[in-house]
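Notes for the one structure printed next.
Each value in this text was obtained by applying a stated rule to the coordinates, not by laboratory testing. This one's a predicted model, so the numbers in the text were calculated from it and none came from an experiment. Neighbour counts run over all protein chains shown; Cβ positions are idealised from the backbone, glycine included.
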Amino acid sequence: MKARLAWLIAGLMVVHGVSLALAANLAEKVKVELESTERHAGMEPGTYVCAAGHLHVRGTVQNLADVPLGPIKVAGRALDSAGKVLGTATASTEQRKLSPGAKAGFDLEFVTVTGPRIQQVKKHEIKVVDAPVAR
């Protein structure tokens, strides 16, 4: 009985490890694009300041995998000219299921980047951190 339980646990660990490896590979199968419109004069396309005064970055993700994904989670960092991190943000797509080839929007809100800090932002980095197979 103990041996059977041990094999079951070992099997589950292998399956879980394979699913984690597959999920990591699927994050690489998602294309990130920033919104191309300028909302505020002088700001980069895809960026804007909300009514609360926080910096936002809007864009889309596209599922390049051959299976449905979702929700897709992205993370961003706002950087100054020296590469110092001024703020971080995460967001997930509202769509729970993204078919192969489909796109969905995201909106990163940098709640610590407000007021004069917004002018210090010289670039931002955005990457996909989670792209699970949709259930």
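Quick look at the numbers
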quantity: Sites Ser92 and Met43 - FRET efficiency at Förster radius 30 Å, r taken between beta-carbons, to 0.05; calculated: 0.80
quantity: Candidate aspartates and glutamates for bridging to Lys31, where Cα separation is under 17 Å - those fewer than 8 sequence places away on the same chain excluded; calculated: Asp66, Glu94, Asp107, Glu125, Asp130
quantity: Those GluC sites (Glu not before Pro) in the stretch 76-135 that DSSP places in a loop and that have at most 15 other beta carbons within 10 Å; calculated: Glu94
